Structure formats: C-alpha cells, structure tokens
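One structure is given here, and the rest of the page talks about it.
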Amino acid sequence: QERMPQTPPFAAMFDSSGYNRNLYQTKEDDCGGLYYHDNNLLSGSLEALIQHLVPNIDYYPDRTYIFTFLLSSRLFMHPYEVMAKVCHLCTEQQRLSEPGLDKNRIRKIAPKILQLLTEWTETFPYDFRDERMMRNLKELAHRIASGDEMYWKNVQQLLQNLIRKLATVSQYEEVLAKINATSTDRLTVLKTKPQSIQRDIIAVCNDPYTLAQQLTHIELERLNYIGPEEFVQAFVQKDPLDNDKSCYGDRKKTRHLEAYVEWFNRLSYLVATEICMPVKKKHRAKVIEYFIDVARECFNIGNFNSLMAIISGMNMSSVSRLKKTWAKVKTAKFDILEHQMDPSSNFYNYRTALRGAAQRSLTAHSSREKIVIPFFSLLIKDIYFLNEGCASRLPNGHVNFEKFWELAKQVSEFMTWKQVECPFERDRKILQYLLTVPVFSDDALYLASYESESPENHIEKDRWKTLRFVSEV
C-alpha cells in the first residue's frame, strides 16, 4: 500500500510568499482556468479551482491549497455542493462506479482520496453536521473501500473519528446551554435578594495568579471549539454571480464564535459587578487592585483576551466614576496595562506584544510558553476588513485567490493557537464561579455605583432617581 501523502502542521503551512508547494504539486502552471504568477495561484474559475482540489494518480493538492479553498469557497457555494462536485469528479475520473475495478489503479488513487477526506473532516468537521455532506462522504469512502477491502479499516477509522468529534461538540454545546441557564436563574435571585447569593471573587480565589490561570482554561477551551469556517461564515454576502439565492441560508451549523464573544462581555461585566458591589470604599479599592494583578498575569501568560475584558470592565463608566475609590488605588500598574492595550495607531502596542507572544510560541519548549490567546474582537475585525476591502471576484468573473491566501493565512495562525493544551491545573470551584455567578446589567451597575458614591451632577441624579424607581416597581 502506498503511504498516505504527509502534510505539514498548521504552523508550517504558510510561508512569506503565500504558500508552500510540496512534493504533490505537480500540475502545470498554465493549468486550464487557473492563473499563476511566480508559482503562486492568483485566480481561477470556480470549476477549475474545484478540479484543482481533486487528487489523481500523479497529483495531490498542496495542503495550504486544500485549507484555503475549503475555508473560502463557502463565500460562493455550500460546502455540500463542493463535496458533491468533488465526489462526482473522483468517481468519474477514476472510473470508481465501474464494475470490476482495477485494483492496482485503486491502490494508487485511494490513499490520496482518503487523505483529502481526512483533511476535510479533521479541519472542518462542522461541515459534516449536514446530512447531505455525510451521505456524500460515506458514498465516496465506501466506493473506495469496495474497490479494495484493504481500505475498509481506513474508511471506518475516518468515519469513527468524525462521529466522535461531532458528538463531543454536541456535548460541549449542551454544557454551555446549562451554564447560561444557571447564570440567568441566579440573576433573577440577585435582583430580589442581593446579599443572599453573592459572594465576592477574592473570597473564592484570593490569588490573582491562580485566577488568571483559570481564566486561561476557559479561554482555551472556548477557542478550541471555534471552527475556522466560522470566521468566513460571519461575513458571507450574496455572491454577485448567484442570481437567486442568498449565499448562506441554512448553512450556519455552529455559533461558537458568538459564544466566545459573549464570554468576553460576561467577563467585563463580572469585573464591573465585583467592583461596584462592595459597600466599603476600602474593599472596592482592594478588588480593583486585585483585578489589576490578574490582568498583569494574563498579559504574562499571553492571554490577551481576558486582559482586554478586564480592562474594559474597569473602564465602564459605572466603575470609572468611582473617583474616591480610585483615589485609594495604586494605579501605576494599571497605567502600564492600559498603555499595552491602547487602541491608538490601530492597537500598535498590542500588536507588537502579540507578535512577541506568537514568536515565543513558535520556539516554545513547554505548553505554558505556547499560549497565545488574541484579543478576539480585534482578530474578527481584521478578518472582516480584509474580506470587505478586497473583491472576492475579479472583473473577468474569476475567483480572487490572492484574497483567499490572505484570509487563510490569518485564520491558520489562529488554528495553531487554538490547539494549545492548557498546562494549568483546573479548579472546579473557581471555574464554576467565573462561569455562573450572576453579573449586573448596565442599569444595576449604575444603581450600585450611585449607592457606593453619590451622584455628582444633575444628569447622574436624574438617572439615579429613574433607576431606583424602576428597580422598586
């Protein structure tokens, strides 16, 4: 049996010139319907690009091409339509539907087709939550296996791995739903009997270092479930050459990206709630200093998302208006952190720190040094602007593959970061608190803030009156 084509890990996929060409890249550069420059694929018709994805006896597509095409083709068509075309081309070109298949021929092509299916199912498993995808996958896999029994084991393995992965995702989604339900229930109790349920974070975890590690656990777990395609799906518009249907419709099989953004918001509001709740000024100042230390530790770990959520919680106006409280805080460390995450010059300082962390990650000897958790909203924004600022189709109707390389380059970097195992020990009690403790809404935060430090002007006084009236009703 011929060995499966081996593919490099994500970190090695994209070089500075766009993409690596490996041993299997043997098609000619003047390939029908594809346009190259300096060995880099720049554009092509959709049909030619799909054909370029399909292996044959002498050819296996470059891994970066597979990732880039599967990631970005969904701007134009459903993954199940791509899969149907791939299956059709494999079956026709390799004459897989003919009775009495030539076993030698099957042995030359089967490993390559199986490898393509393996890469697709491993990198974009959520595509297979669609029954049409599953049907096509099984049909093609069984065609290969029925041509030669030696491939049955490989086919079974591929399908089992995929089914296991999808089952894990479903379980994770159920857990998330339960967590969200718990925190909503608790918020109802909090509105009626504030003191009966609320503990404070320092009582649950008095060590900022440990809290930063537990935050990193949550971040890495949630990152890990985001599929690369979710970045592209978030921006799908109608394809200009597609007259009748909007390009998305029923295609969204996951919302892990949104759940992750919701986690960022929750953490910001949690920080603000913990600061605004204590009655004593001295205690509020202590909570602020505690979160400054947690944020600093997040920065050291490479957890920029939690760091930014903590800073944005501290910058909420219900918190920043507590002038008497802030007067008791040593703010030098906070100023340094704010400077690191300063939005001016398109977050220049943060981007420099992120590059440093990414560099450290590449040469890391331990999981701890590998951690890079980007400020997620900015990552989404970057990908959004890359997508918006560049046409997906060229004037001649060709697909703009140069844009796709850039999209894939950004998303593949994220793919390496999300695969890092969290090296810290889990603390269930702290995790439970972070994920389910009730957090105040904006109104509740202002109410707590005004009760801690009285309103200073007419606008604040009016707002306080309104809020008290609403809360009593």
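Evaluating Ser392 against the criteria (1) within 24 Å of Ile66 (Cβ to Cβ); (2) among the hydroxyl-bearing types (Ser, Thr, Tyr); (3) at pLDDT 95 or above leaves one unmet condition, (3).
Evaluation of Pro423 against the conditions (1) under 21 Å from Asn224 (Cβ atoms); (2) buried (at least 20 other Cβ atoms within 10 Å of the Cβ) shows that the sole unmet condition is (2). None of Arg428, Arg468 is in the same structural domain as Cys276 (by the TED database), open to solvent by 80 Å² or more (accessible area, probe 1.4 Å), over 22 Å from the mean Cα position of the chain (by Cα) and modelled with pLDDT under 90 except Arg468. Out of curiosity, is Leu158 open to solvent by 10 Å² or more (accessible area, probe 1.4 Å) and either over 16 Å from Ala84 (Cα atoms) or over 33 Å from the mean Cα position of the chain (by Cα) (or both)? Answer is yes for this residue.
Checking the conditions here, which among Asp342, Asp335 is open to solvent by less than 60 Å² (accessible area, probe 1.4 Å), in the same structural domain as Phe299 (by the TED database) and acidic (Asp, Glu)? Exactly one residue qualifies, and that residue is Asp342.
Considering every residue within the stretch 396-411, establish whether at least one is touching a Phe, Trp or Tyr at 6+ places or on another chain (Cβ under 7 Å), β-branched (Val, Ile, Thr) and part of a loop (DSSP other than H, G, I, E, B). For the stretch 396-411, residues touching a Phe, Trp or Tyr at 6+ places or on another chain (Cβ under 7 Å), β-branched (Val, Ile, Thr) and part of a loop (DSSP other than H, G, I, E, B): absent.
Taking the conditions exactly as written (open to solvent by 50 Å² or more (accessible area, probe 1.4 Å), under 27 Å from the mean Cα position of the chain (by Cα) and either closer than 30 Å to His78 by Cβ or not aliphatic (A, V, I, L, M) (or both)), does Arg255 satisfy them or not? Against the criterion (open to solvent by 50 Å² or more (accessible area, probe 1.4 Å), under 27 Å from the mean Cα position of the chain (by Cα) and either closer than 30 Å to His78 by Cβ or not aliphatic (A, V, I, L, M) (or both)), Arg255 qualifies.
The selection criterion, being surrounded by fewer than 20 Cβ atoms within 10 Å (Cβ to Cβ), in contact (Cβ under 8 Å) with a residue 60 or more places away in the chain and among the aliphatic types (A, V, I, L, M), does not hold for Leu407. Please verify whether the stretch 75-87 includes one or more residues that are free of Cβ contacts under 8 Å to residues at least 60 places away in the same chain, in a loop (DSSP other than H, G, I, E, B), surrounded by fewer than 21 Cβ atoms within 10 Å (Cβ to Cβ) and among the charged types (D, E, K, R). Scanning the stretch 75-87, I find no residue that is free of Cβ contacts under 8 Å to residues at least 60 places away in the same chain, in a loop (DSSP other than H, G, I, E, B), surrounded by fewer than 21 Cβ atoms within 10 Å (Cβ to Cβ) and among the charged types (D, E, K, R), so the answer is no. Scanning the stretch 320-337 turns up no residue that is acidic (Asp, Glu), touching a residue at least 12 places away in the same chain (Cβ under 8 Å) and assigned to a helix (DSSP H, G or I).
Of everything listed in (1) open to solvent by 50 Å² or more (accessible area, probe 1.4 Å); (2) in a helix (DSSP H, G or I), the single unmet condition for Val279 is (2). Scanning the stretch 16-49 for residues that are farther than 23 Å from Lys85 by Cβ, surrounded by 12 or more Cβ atoms within 10 Å (Cβ to Cβ) and at pLDDT 50 or above yields a single hit, Asn40. Scanning the stretch 362-394 for residues that are open to solvent by less than 40 Å² (accessible area, probe 1.4 Å) and closer than 17 Å to Pro423 by Cβ returns Ala364, Ile371, Val372, Ile373. Do the conditions hold for Met77, that is, is it touching a Phe, Trp or Tyr at 6+ places or on another chain (Cβ under 9 Å) and modelled with pLDDT of 75 or more? So Met77 fails the test. Listed by first and then second residue, the pairs linking a residue in the stretch 137-158 that is in contact (Cβ under 8 Å) with a residue 12 or more places away in the chain to a residue that is not in a helix (DSSP H, G or I), with Cβ atoms under 6 Å apart and 6 or more places separating them unless they lie on different chains, are Arg143/Leu96; Gly147/Leu101.
The values are calculated or read from the model by the stated rules, or taken from the named source; none is laboratory data. Since the model is a prediction, treat every value here as computed from it, not as a measurement. Positions of Cβ are generated from backbone atoms using ideal geometry, with glycine treated the same way; all protein chains shown enter the neighbour counts. Surface accessibility is based on the protein's heavy atoms, side chains included, excluding ligands, DNA and RNA. Shrake-Rupley method; radii C 1.70, N 1.55, O 1.52, S 1.80 Å.
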